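The structure under discussion appears below in the form of structure tokens.
Coordinate-derived values only; no laboratory data. Quick caveat: nothing in here was measured; it's all calculated off a predicted structure. Don't worry about glycine lacking a Cβ; one is built from the backbone with ideal geometry, like all the others, and counts go over all protein chains shown.
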Amino acid sequence: MPHTADVRLLTASETLPGLFIEALQGMVEIMKPIIKVKAKPVKRRISVESPDRTSLLIDFLNEALSMSEINKETYTDVIWKNFAENSLTAELVGKSVAGFQKDIKAVTYHEAKIKQNKKGNWETVIVFDI
């Protein structure tokens, strides 16, 4: 979605955990990972607690973003261990990368509000500070 200074992403899924995965995959697309020829598969444990589901999504993405940059890894799937209204524990599944073509400074709370649309699917807009 167009935005004047940052990158906006509209994401949707039939399930709430699916929405988190779609948002993670969208963030990876924005970062444009530089793939290694012999990329190693990786799994990283993540645990997040937040006051509500929208905050949980933003905090989850910020934690995954931080882990991506520190470890030079990209995550494209999630194995859920626990998924609740305001907490989650999971394994991020991905691979090592040489780096990223685009830097994301942060995932913001601006415009973020998880809701169900008329079809019953979960959706939200996420603004990435680049």
### Task
For every other residue with a beta carbon closer than 11 angstrom to the beta carbon of Phe60, add +1 if it is Lys or Arg and -1 if Asp or Glu, then tell me the sum.
-2
### Task
Give the long-range amide H neighbours of Lys36: residues separated by 5 or more places, or on another chain, with amide H under 5 Å away, using H modelled in the peptide plane at 1.01 Å from N.
Ala98
### Summary
For the chain, longest principal axis from Cα atoms; helix 16-31 axis from its Cα atoms; angle between them, nearest 10 degrees, is 40 degrees
### Query
When only C-alpha pairs under 8 Å and at least 6 residues apart count, what is the relative contact order of the stretch 35-126, in percent?
33 percent
### Query
How are the C-alpha pair distances of the stretch 7-129 spread across 5 Å bins, as whole percents from the shortest bin up?
2, 12, 23, 25, 20, 12, 5, 2, 0
### Query
So how strong a dipole does the chain carry about its Cα centre when Lys and Arg Cβ are +1 and Asp and Glu Cβ are -1, to the nearest 20 debye?
480 debye
#### Entry: Ellipticity estimate at 222 nm from DSSP helix runs (n ≥ 4, -39,500 (n - 2.57)) divided over the chain, nearest 500
-9000 deg cm²/dmol
### Query
Each residue of the stretch 34-42 in order: what ³J(HN,Hα) in whole Hz does its phi give by Karplus 6.51 cos²θ - 1.76 cosθ + 1.60, θ = phi - 60°, with x for Gly and Pro?
8, 6, 7, 5, 10, 6, 8, x, 9
### Task
Would you mind putting 6-13, 80-87 in packing order, based on average other-beta-carbon counts within 10 Å, highest first?
6-13, 80-87
### Query
Using alpha carbons only, how many degrees (0 to 90, rounded to 10) separate the axis of helix 53-71 from the longest principal axis of the chain?
0 degrees
## Note on the structure
Residue by residue through the stretch 113-130, the couplings from Karplus 6.51 cos²θ - 1.76 cosθ + 1.60 with θ = phi - 60°, in Hz, x for Gly and Pro, are 7, 6, 8, 9, 7, 4, 7, x, 7, 7, 8, 6, 9, 10, 10, 9, 7, 10
### Message
Going by amide H atoms built from the backbone, whose H comes under 5 Å of the H on Val7, apart from near neighbours?
### Response
Phe128, Ile130
### Task
Scan around Asp77 for amide H atoms under 5 Å from its own, H built in the peptide plane at 1.01 Å from N, and keep only partners 5 or more places away or cross-chain.
Val93
